[in-house]
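Novice: Before anything else, here's the structure in question.
The values are calculated or read from the model by the stated rules, or taken from the named source; none is laboratory data. A quick note: this is a predicted structure, and the numbers were derived from the prediction, not measured. In this analysis, Cβ positions are derived from the backbone assuming ideal geometry, glycine residues included, and neighbour counts consider all displayed protein chains. Accessible surface is based on the protein model in full, side chains and every heavy atom, while ligands, DNA and RNA are left aside. Shrake-Rupley method; radii C 1.70, N 1.55, O 1.52, S 1.80 Å.
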Amino acid sequence: MKTLTDVYTLSNGVTIPWVGFGTWQTPDGQVAADSVKAALAAGYRHIDTASIYKNETGVGQGIRESGVPREEIFVTTKIWNNKRGYEKTRESVEKSLERLGLDYLDMVLIHWPAAPHRVENWEELNKSTWQALTDLYKEGKIRAIGVSNFKPHHLKALLEAEVKPMVNQIELHPGMTQQETVDLCREHGILLEAWSPLGCGRLLDHPFLGELAAKYGKSVAQICIRWCLQKGFLPLPKSVTPSRILDNTKVFDFALSDEDMAAMDAMENVGWSGLDPDEVDF
Ligand code: A2P
């Protein structure tokens, strides 16, 4: 049986705890600090934030107050869309470090690709953002670098870079498998992280998942998180509720059958956020 702190190994040899604690939509300040402390007390050792979440200060406070040694925690943040380009990306990482109160980051991701529907020189812009992350990685400020929400055509230019992305964090949950992106990432040794593994809560009252949960004697949230792990994805469930934070860790005492995994792959995509990287207006 595996545990919460088992790891995936990234293409550069760095290990990453295979369940992360998501903080999207977690308010800054005491709520962020308390939920991060609850997560670390529940055994999570991987915290995922982003500059646009505007909660890095509270997340950093939670990390410090948890009493867990810094080097035992894997911390990820992300570069927001208005900070693309070499200089702005470097500045963004510095600001994130300041807000978090840390002197290095475990991982930094490009949050969304510059894409052709909004940015004329989108490929060049993604490359210069990536070069800044590459340099910070080589300077030792960041232990791993990656992208988020990159579809195959966004990824292609970076696959020829000196350092390839180690992670692609995309929306993945039952009913949303993004197979083409997953296949390309696997081919290049890029780990898939799953944002909104519970469909941001939209999957929780789905009748089919409810039936499965009853069959396995688990909650729908646990079924969704387990699906991610059996797919080889790294789930990032978010909660600010201590009982749910704990509930979401209890995913190692059962296994979904191949048939149920396939049915979860194929179910209707009711959890989708509606955010397509080639259509978003931000
Ligand atoms: P809350 O943060 O108020 O506890 P996702 O990780 O897919 O983005 O989903 C996050 C949403 O799901 C949040 O609204 C969160 O609520 C809710 N949530 C997280 N874990 C559970 C759970 N175990 N049971 C019910 N709702 C949950």
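Novice: Would you confirm whether or not segment 1-11 contains a residue that is within 16 Å of the ligand (Cβ to nearest atom) and more than 20 Å from GLN222 (Cα to Cα)?
Specialist: no
Novice: Looking only at segment 187-201, which residues are near the ligand (Cβ under 8 Å from one of its atoms) and not hydroxyl-bearing (Ser, Thr, Tyr)?
Specialist: Hits for segment 187-201 are TRP195, PRO197, LEU198, GLY199, CYS200, GLY201.
Novice: Considering only residues that are over 11 Å from HIS173 (Cα atoms), within 18 Å of the chain's Cα centre (by Cα), part of a loop (DSSP other than H, G, I, E, B) and within 9 Å of the ligand (Cβ to nearest atom), which ones fall in segment 217-254?
Specialist: Of everything in segment 217-254, those that are over 11 Å from HIS173 (Cα atoms), within 18 Å of the chain's Cα centre (by Cα), part of a loop (DSSP other than H, G, I, E, B) and within 9 Å of the ligand (Cβ to nearest atom) turn out to be SER239, VAL240, ASN248.
Novice: Looking only at segment 161-186, count how many residues are in a loop (DSSP other than H, G, I, E, B), within 16 Å of the ligand (Cβ to nearest atom), of a type outside the set (Gly, Ala, Ser) and open to solvent by less than 20 Å² (accessible area, probe 1.4 Å).
Specialist: 2
Novice: Okay, next question. Condition check: in contact (Cβ under 8 Å) with a residue 12 or more places away in the chain and open to solvent by less than 10 Å² (accessible area, probe 1.4 Å). Does TRP272 satisfy that?
Specialist: Judged against the criteria, TRP272 is not a match.
Novice: Name the pairs: first residue in segment 217-245 and farther than 16 Å from CYS200 by Cβ and of a type in the set (D, E, K, R), second residue part of a loop (DSSP other than H, G, I, E, B) and away from the ligand (no atom under 12 Å from the Cβ), Cβ to Cβ under 8 Å, at least 6 apart or on different chains?
Specialist: Cβ pairs passing all conditions: LYS218/PHE254; ARG226/PHE254; ARG226/ALA255; ARG226/LEU256; LYS231/THR177.
Novice: Suppose we keep only residues that are outside any helix (DSSP H, G or I) and open to solvent by 40 Å² or more (accessible area, probe 1.4 Å) within segment 50-73. Which one would you say is farthest from LYS141 (Cα to Cα)?
Specialist: Here the residue is GLY67.
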